[in-house]
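These notes are about the structure you will find just below.
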Amino acid sequence: MANEVVDQGRRRFLTATTAVVGGVGVVAAVVPFIKSWEPSARAKAAGAPVTQSLKKVEPGQQLIVAWRSLPVFIVNRTPTQLAALPKQDPRLVDPTSTGSSVDQQPKYAQNGTRSIKPEWLVMVGICTHLGCVPDFVGEMKPEPFDPNWQGGYYCPCHHSRYDMAGRVYQGVPAPKNMVIPPYQYLDDSTIQIGVDAQGAA
């Protein structure tokens, strides 16, 4: 049997090359797997902030925009609607919004109007009972569901009622005020939903 001379240099080269090629293969297999954990572009867009101009929303009117696949109600409240808000306090479950968690509204909306600027209501339009979308009934006049109606939201599914700040009335199925999303003003007539107000406590 002939003596075989082992070329150690060649062996080290082949071992190193095999390790590198194998490592590249592992990385090539793992990267798509890790990428699959990242949210899709559609998912990112669904959670992205929404910017909305308020210029065309007249006093007493409501605009609805979509944010995170939820309807967000934006209402330009009239002085008369605002003046009626404190008069509703005795009829409400949580008039000062202090019994609600931070999940129900940011601290900067924990006030009588539940807003940054009193005239503008920005609110997720979902009933806190079973997730229905309540109707905007902004006129201040007697209604079949409330003879002392002062404007607000009525859920025809199970008859929950909310005032013009999204605060829930007593004696209805809904347990909590409607949710105020994080939002900020970019200028006097533009808001961004999904981002907390700068410097807000």
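The values are calculated or read from the model by the stated rules, or taken from the named source; none is laboratory data. Predicted, not measured: the structure shown is a model, and the values here were computed from it. FYI the Cβ positions are ideal-geometry reconstructions off the backbone, even for glycines, and counts take in every protein chain you see. Calculation scope for accessible area: heavy atoms of the full protein, side chains included, ligands and nucleic acids excluded. Shrake-Rupley method; radii C 1.70, N 1.55, O 1.52, S 1.80 Å.
Hey, for a label at Tyr185 modelled as a point 7 Å past Cα toward Cβ, could you say which residues of segment 116-137 have their backbone N under 18 Å away? Under cut-off, by backbone N: 116-123.
Once the 1.4 Å probe is applied to the protein heavy atoms, segment 45-193 comes out at 45 Å² accessible per residue.
Potential lengthening of the chain between Cys132 and Val57 amounts to 24.6 nm, from the contour at 0.36 nm per residue minus the alpha-carbon distance. With a simple spin-label model that places each label point 7 Å from the Cα along the Cα-to-Cβ direction, the separation between Leu14 and Gln198 comes to 6.6 nm.
When you count the other C-beta atoms within 10 angstrom of each residue and take the mean per peptide, 135-145, 184-194 line up highest first as 184-194, 135-145. The label point for Asp89 and the one for Ser69, both projected 7 Å from the Cα toward the Cβ, are 4.0 nm apart. His159 contributes about 100 Å² of solvent-accessible surface, heavy atoms of the protein only, 1.4 Å probe.
If you model segment 45-193 as an ellipsoid using its alpha carbon gyration tensor, with each semi-axis the square root of five times an eigenvalue, the axes come out at 22, 17, 15 Å, biggest first. If R0 equals 30 Å, the separation of the Cβ atoms of Val21 and Ala48 corresponds to a calculated FRET efficiency of about 0.15.
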